[in-house]
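Presented below is the structure to which this report refers.
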Amino acid sequence: MENKLSKIYHDKVKELFAVIMEKEADSIARAAGLMASAIEKDELIHVIGPGGHSNMGTYEMFYRVGGLVPVNAILDPGTLISMGARRSTIIERTPGYGVAVLEAFNVKDGVLIIINAYGINAMCIDVALEGRRRGIPTIGVTSREFAEKVPPDHPARHPSKQNLCDVVDVHVDCHMPFGDAVVDVKEINRSVGPVSTLVNTFVLNLMVMETVEILLKRGIEPPIWVSANVPGGDKINKKFLEKYAGRIRLL
């Protein structure tokens, strides 16, 4: 028997992917242009997912088969769920913390991608504002719908009450609906089936592919990781590791 909840989830995710493809082509192209220019100038693409599961977007961008090589993954222990779930929530709501994290990860140039579908907490707003103060182009992957529906006095909000989508140079809307989980279960008055990670990573991979196309048009060979589990993978990746190991902290 078909699982009705699973079918609803499948259909909802397909709809969201279709909306992203239809509505975000221009913003993805602009984001990719910034990413390609950073690579062309031999600068880094800094990526941060300030808070809990938003970090999974950073993992998806970093040291990833088929992904771009010059990615500086900002995975600070403070917001990692593996270091404590409640701690992660506390840290992402702590004003000023994100500024120190950018300094620790040596974010000085290139482009800064901030991944946070909710787009309201102190850390994600702080890193966006600090990136701008440092003259670094910023890209925000976040949901405008969600942010605009959260009351200004909600404790998760940055003290300025701003939304990530409004303080970045390029906003790519991941179109996560309010509440994140998209399948209602009437029997328990709860929803299941969160989509934030899926829409975030879908957007990010579209940005990577667009970046590759731009680089090829500019006559630049895109630096792409190969799986270490296929023949020849270690040899191909070795040159990248030698070039970036001293520049990318987590390599």
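The values are calculated or read from the model by the stated rules, or taken from the named source; none is laboratory data. Just so we're clear, the structure is a prediction, and the values are computed from it rather than from any experiment. In this analysis, Cβ positions are derived from the backbone assuming ideal geometry, glycine residues included, and neighbour counts consider all displayed protein chains. For accessibility, only protein heavy atoms count, side chains too; no ligands or nucleic acids. Shrake-Rupley method; radii C 1.70, N 1.55, O 1.52, S 1.80 Å.
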- segment 173-251 - percent of accessible surface contributed by carbon and sulfur, probe 1.4 Å: 55
- Query: Mind checking which of V127, V13, V230 has the largest fluctuation in a GNM of the chain, springs on alpha carbons under 10 Å?
  - Reply: V230
- Note on the structure: Across R133, R144, R30, the residue with the highest GNM fluctuation in the chain (Cα network, 10 Å cutoff) is R133
- Task: Put one equal scatterer on each alpha carbon of segment 59-205, apply the Debye formula with no solvent term, and list log10 I(q)/I(0) at q = 0.11 1/Å to two decimals.
- Result: -0.42
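Tell me what the chain gives for mean residue ellipticity at 222 nm when only DSSP H runs of n ≥ 4 count, each as -39,500 (n - 2.57), the sum divided by the residue total, rounded to 500 deg cm²/dmol.
Numbers: 9 runs with 111 residues, N = 251.
Rounded to the nearest 500, it is -14000 deg cm²/dmol.
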- Message: Output needed: percent of Cα pairs per 5 Å distance bin for the chain, bins running from 0 to the one holding the longest distance.
- Response: 1, 7, 13, 17, 19, 16, 12, 8, 4, 2, 1, 0
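Can you give me the accessible area per residue for segment 1-117, using a 1.4 Å probe, in Å²?
It amounts to 48 Å² per residue over segment 1-117.
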- About its Cα centre, segment 125-186 carries a charge dipole, from +1 on Lys and Arg Cβ atoms and -1 on Asp and Glu Cβ atoms, whose size in debye to the nearest 20 is 160
- Which of I113, I90, I125 moves most in a GNM of the chain, Cα contacts under 10 Å? I90
- Query: Quick one: of the DSSP bridges fully inside the chain, what percent are antiparallel, nearest 5?
  - Reply: 25
- Message: Checking the table K14/K149; K41/K108; K41/K235; K4/K149; K149/K186 against a 21 Å threshold on Cα-Cα, which pairs fail?
- Response: K14/K149; K41/K235; K4/K149; K149/K186
